[in-house]
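A short write-up of the structure that comes next.
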Number of protein chains: 2
Amino acid sequence: MDERSGSATPDEDDDEFGLPPRLVEEALEAVEADDVARLDALLDPLHPADIADLLEQIGPGQRRDLLALWKGGVDGDILSELDESLREEVIEGLGPGELAEAVRELETDDVVDLVEDLAPEAQEAVLGALAAADRVAVEKALTYPEYSAGRLMQSEVVRAPSHWTVGEAIDFLRSGVPLPDQFYHVVLIDPRLKPVGYATLGRLLSSRRETPLRDITEDSFRTFHVEDEQGDVARTFEKYHLISVPVVDDDDRLVGVVTIDDAMTVLDEEHEEDILRLAGVGEGALSDSVIDTVRGRLPWLVVNLGTAGLAALVISRFTGTIQALVALATLMPIVASMGGNAGTQSLTVAVRALATRDLTRSNAWRVIRREAAVGLVNGLVLALALGGMTMLLFGSVPLGLVIASALVVNLFAAALAGVFVPLLMERIGVDPALASGTFVTTVTDVVGFFAFLGLATVVLL
Amino acid sequence: MDERSGSATPDEDDDEFGLPPRLVEEALEAVEADDVARLDALLDPLHPADIADLLEQIGPGQRRDLLALWKGGVDGDILSELDESLREEVIEGLGPGELAEAVRELETDDVVDLVEDLAPEAQEAVLGALAAADRVAVEKALTYPEYSAGRLMQSEVVRAPSHWTVGEAIDFLRSGVPLPDQFYHVVLIDPRLKPVGYATLGRLLSSRRETPLRDITEDSFRTFHVEDEQGDVARTFEKYHLISVPVVDDDDRLVGVVTIDDAMTVLDEEHEEDILRLAGVGEGALSDSVIDTVRGRLPWLVVNLGTAGLAALVISRFTGTIQALVALATLMPIVASMGGNAGTQSLTVAVRALATRDLTRSNAWRVIRREAAVGLVNGLVLALALGGMTMLLFGSVPLGLVIASALVVNLFAAALAGVFVPLLMERIGVDPALASGTFVTTVTDVVGFFAFLGLATVVLL
C-alpha cells in the first residue's frame, strides 16, 4: 500500500502520480458495500494530501456517502489539504466533536488557512473547537489583511536571546519546551523582542557549545512585516533561496515565522491565478459544480461579446466595400486573428515578467522598444507570405499589398498593446493578468478590421 | 545600502521590489565614469540575485562595459542566478582565472545547473576550473537525463548509519567533516548505502543523546530515483510539504539529495513554460535580442497563418451567401471570437489541472461532462443575448435564430475541444500546453464560420 501511494515514481500507466486510479474505484466500491473496515484499510495508509485528492476527484453524491461512512477518519490535515470549494461542505458534514478533534492538532497557520474563507458559522464552529491559546493566535492572525504575511506565518517560533551561546540554545531545545513540528532556524532576539539574526540548525549542530550564537548567524537574514503581501513574500523566498523568515509587527517585535513550504504554496496559487485570469476564467476548481463554473466564466464571455460587437461595428462601416469585393470577407479574419495571436504573445510575456518582477520601471522602455521591433519584424515576414499568397490565389497585386500593409500595422499595434496594457494596469494597481487579454484582442480586432477594410476602400474601390 | 536592497517591503513606488531603479542608473553612471570604486561600493552590498537582475535589466552594450570594469566581482552565485540566455555571454567575458575562482565555491547542483545548457567550449572552461572531485560529481550528474532528479540534486549529503544514536550523529557533525551550506535532515543509511529514513535537525537537537536515530525518523520519508522527472519531483515536494528528499540510483544507493529551494525553482520554471507555451511563445527571456525573440515567436504565428487560412477557406465556400446578405460578414467574427474565448477558458483549466495532476484518468470523464454542460449553458445564455440583439438591430427574426443556433453549437464544440485536445496530447506524450491553443481556436473558427454561414445559407436564402 505504502509503496503504491508513497512513491513519486510513475506507475506503468505513467500519467498517474500520487493516487492510483484503482484506489479511487476500490474506495467507491467499499462505500457502496457499506464496508467501513475495507474503506479504513484503503484510506488509512494514505497521506492526507492523497485523501484530499480522492475527495476532490469523486462526485458530490459519492463524496457524501463516503464521508457519512468515514466521518471519524477526517482529520485536520485532510481539511487543510482540501480545495477551498469543498472545505465548507466537508466541515458541515462533521459533528462538533469530530471537528474539534480534527483541528486541535493543526499549527496556527494551517488553522488560519482553513478558516479564512469559511462562512461565518463554519468559521465559528472551527474556532470554538480550538484550545483558548490557539484561538487567540488564530483570531489575531485573522485581524491582518487577507493575503498578508501575518496570515501566512505560524506563531510558533524558536527564539533565543542574542547573547546566548550554542550550548545554551541546545540545552533550551532539549529542555522539553514545546517545539513546532518543523523549524529551520533559531531566531536571535534583542531584549525588546526585535529579531536581530538567525542561525541554521545545521550551524548550531556543527558548532562548539561555547560559540556565541551571534557568531554563526546567516547573511541571508531578513524579516517581513505582518502586512507584507504574500505574493512578494513568496517571490522573495524564491529569489533569495530562503528557507524561513521571521515576521515582525509595527513595533518590530517578532510575532511569527513564514516557512518555505507555505511560500511555495503561495507561489503555486499565484501561478494558478495568473494563468486562469489570462484566459478569462474566474477562480475555480475542477470539483466546482456546473453552475459555479458558469458563474466564473460567463462574465468574461459577456465582456467579450461586447468587444466582439465593437469589432462588428467596425466591419459594418464597410459593408459597401465588402459587397463590392466579397473576397475581403474571406480574408479579413486572417488579419484580425494574426494580430490577436501576436498580441497574446507579447501580453503573456509581459504579464509573466511583471509577476516575476523581471519587468520593472528600469527596463520598461527597453522592453517596449524590443516588443515594437519584434512586432515589426514578425509583421514584415508574415506580410510577405500572406501578401504573396493573396496575390497568387486572388490574382490581384493591389489586394495582396492591402492585406500585407494591414498585417504589418496590426502586428505592430498588437506588440504595443500587448506590453502597454499590462504595464498600465500594473501602474493603476490592477492585476495585469486580469482582463488584459480582452483589451488586447479588442485592439487587434478593431485595428485589424479597420486597417484592412479601410485600406481596401481607399486602394481597391 | 543594505536596507534599500535587502528589504522585501516595497518602497514608496511600490511596483519595485528588490532592486531600486536609481541603483541601476547609479551603477550605469559609475560605469560611464570608469569609476571602479564607486561601482564596487554600489554592487558589493547586493545579493547575487540582485546583481544578476541588474545585469539582465541593462542593455547588451552597457553590460559589456560594466563587466569589463567589474570582472573580478562576478562570482559563482551571480552566474547561477543569471538567466541562461546571458550566462554564456558573461562567462566568455571572464578570464580563466576569474572563472575558476567563481565556480569553485558552488555546490555541485549549482555547477550542474550552470553548465548544462552552455555550449561545449564554455562548458569545458567551467569544468576545467573545478577541483577534481567536484568535476567527477558534476560529470556524473550530467550523465543523467535532462530535467531529471539526478541533475537537480546536490551530491553533498549528511548521512549516518541507521544504528547510530543522536549523540553519535551530533559528535560526527561537530567533528569538522565538510558539511553542505544548507541541510535539513540527517539521512539514515543501511550498510549497502540504501537510505532507510531521515531525522530532522530539529528532532536531533531536541532529543536526548542516547536516543537511537531510528526512533526519531519522520513519517514523510520518501526517496526519488535519479531519473525521476524534475516536474514530478517539484509537485511531490509541494503536495506532501517536503523539505529535502534523498535520491537513489538503480541499486537503491543514496547518491544525493534534492532540497525544496531547488524544487521551488523547478515549479516556477514549469509554470513559465506552461504559460508561455499556451500563448505560443517559445522559451525566452526579457533580455533576449529582437532576433532571438522573433525566432521564438514567428513559428507559432506561421502555424496560426495556416489555421487562419483554413478558416478563410471555410468562409470562401459561402461568398455567394455573404454577397446576398452582407450583414453576415459583420456578424460572423462574433461567433468565431466567442468560441475562441470559451475554448481558451476550457483549455486553460484543463492544462493547469493536468500540470497539477488534478485532472487524471479517474476524473477525466467527469470533467469532460462538466465542460460540455458549461459550454451548453454559456452557449444558451449568450445565444439569447446575441440572438435578441441581432433581431432588434437587423430587424430579422430568422437571422437572430441563425446566429443564436450557431453560437450554441460553437460554444459546445469549444468546451469539448478545450478539454479533449490537451487530454489527447497528454495521452500521446506531448506537453498539453504546447500548441493546444492553436488546435482549439482552429476548431472554434472552423465550426463557428461553418455553422453560422451554413445555417444562414439553408435558412435565409
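What follows is calculated from the coordinates using simple rules that are stated; it is not laboratory data. Keep in mind that what you see is a predicted model, and the values were worked out from it rather than measured. Cβ coordinates were reconstructed from backbone atoms using ideal geometry, including for glycine residues, and neighbour counts include every protein chain displayed.
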The distance between the Cα centres of segment A:140-171 and segment B:36-108, in whole Å, is 35 Å
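What shape does segment B:271-388 take by its C-alpha gyration tensor, where a ≥ b ≥ c are the square roots of the eigenvalues and a/c under 1.5 counts as rounded, a/b above b/c as prolate, and the rest as oblate?
On the way: a/c = 2.70, a/b = 1.19, b/c = 2.28.
It comes out oblate by the Cα gyration axes.
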Longer than 32 Å from Cα to Cα, which of A:LYS71/A:LYS140; A:LYS71/B:LYS194; B:LYS71/B:LYS140; A:LYS140/B:LYS239 are they? Say none if no pair is.
A:LYS71/B:LYS194
If I model a spin label as a point 7 Å beyond the Cα along the Cα-Cβ vector, how far apart are those points for A:GLU88 and B:THR319 in nm?
5.7 nm
Picking from A:PRO161, A:ILE403, B:LEU152, whose Cα lies most toward the positive end of the charge dipole for the protein assembly as shown (charges on Cβ: Lys, Arg +1; Asp, Glu -1)?
A:ILE403
Given the peptides B:210-216, A:299-305, arrange them by the average over their residues of other C-beta atoms within 10 Å, most packed first.
A:299-305, B:210-216
Just to be sure I understand: of the beta bridges DSSP finds with both ends in segment B:159-278, what percent are antiparallel, rounded to 5?
70 percent
In whole percent, what relative contact order does chain B give with Cα contacts below 8 Å and a gap of six or more residues?
11 percent
If you place +1 on the Cβ of every Lys and Arg, -1 on the Cβ of every Asp and Glu, and leave all else neutral, what size is the dipole of chain B about its Cα centre, to the nearest 20 Debye?
3520 debye
Treating the point 7 Å from Cα along Cα-beta-carbon as the label, what are the nm separations from A:GLU168 to the other copies, to one decimal?
3.3
Assuming 0.36 nm per residue, please report the length gained on full extension of the stretch B:ASP117 to B:ASP249 beyond their Cα-Cα distance.
45.2 nm
How do A:TRP164, B:TRP365 rank when sorted from fewest to most other Cβ atoms within 10 Å of their own Cβ?
B:TRP365, A:TRP164
Let me know the shape class of segment B:290-460, please: from the alpha-carbon gyration tensor, a ≥ b ≥ c as square roots of the eigenvalues, rounded when a/c is under 1.5, otherwise prolate if a/b is greater than b/c, or oblate.
oblate
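When Cβ neighbours within 10 Å are restricted to other protein chains, what is their mean count per residue of peptide A:371-381?
Neighbouring Cβ atoms belonging to other protein chains average 4 per residue here.
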Whole-Å distance, taken between Cα centres, linking segment A:218-236 and segment A:270-329
38 Å
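In peptide B:303-313, how many Cβ atoms from other protein chains are near each Cβ within 10 Å, on average? Don't skip to the answer; put the middle values down first.
Values: counts 1, 7, 9, 0, 3, 10, 6, 0, 4, 10, 1.
If you average over the peptide's residues, the count of other-chain Cβ atoms is 5.
To make sure I understand, if each residue's beta carbon is the centre and we count other beta carbons within 10 Å, what order do B:VAL247, B:VAL112 fall in, fewest to most?
On the way: B:VAL247 27, B:VAL112 23.
Lowest to highest Cβ neighbour count: B:VAL112, B:VAL247.
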Within 10 Å of each Cβ in peptide B:255-261, how many partner chain Cβ atoms are there on average? Round it to a whole number, please.
3
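Express as a percent, rounded to the nearest 5, the fraction of DSSP beta bridges in the protein assembly as shown (both residues included) that run antiparallel. Write out the running numbers ahead of the final one.
Details: 26 of 36 bridges.
So the antiparallel bridges in the protein assembly as shown amount to around 70 percent.
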Within chain A, which whole H helices from DSSP have a Cα span along their axis of at least 18 Å and a mean Kyte-Doolittle hydropathy of 1.6 or more, if any?
A:397-427, A:436-460
Per-residue [θ]222 nm for chain A (sum of -39500 (n - 2.57) over DSSP H runs n ≥ 4, rounded to 500)
-20500 deg cm²/dmol
Between copies, how far does the label point of B:GLU89 sit from its twins, in nm, shortest first, when each point is 7 Å from Cα along Cα→Cβ?
5.1
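Roughly how big is segment A:108-192's charge dipole about its Cα centre, with Cβ charges of +1 (Lys, Arg) and -1 (Asp, Glu), in debye to the nearest 20? Don't jump to the answer; show the numbers that get you there.
Details: 6 positive and 15 negative charges, 90 e Å.
So the dipole magnitude of segment A:108-192 works out to roughly 440 debye.
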Antiparallel bridges, percent of DSSP beta bridges restricted to chain B (to nearest 5)
70 percent
Based on Cβ point charges of +1 for Lys and Arg and -1 for Asp and Glu, what charge dipole magnitude is obtained for the protein assembly as shown about its Cα centre, in debye rounded to the nearest 20?
3900 debye
One decimal, nm, shortest first: give the distances between the label point of B:SER396 and those of the same position in the other copies, each label point 7 Å from Cα along Cα→Cβ.
2.3
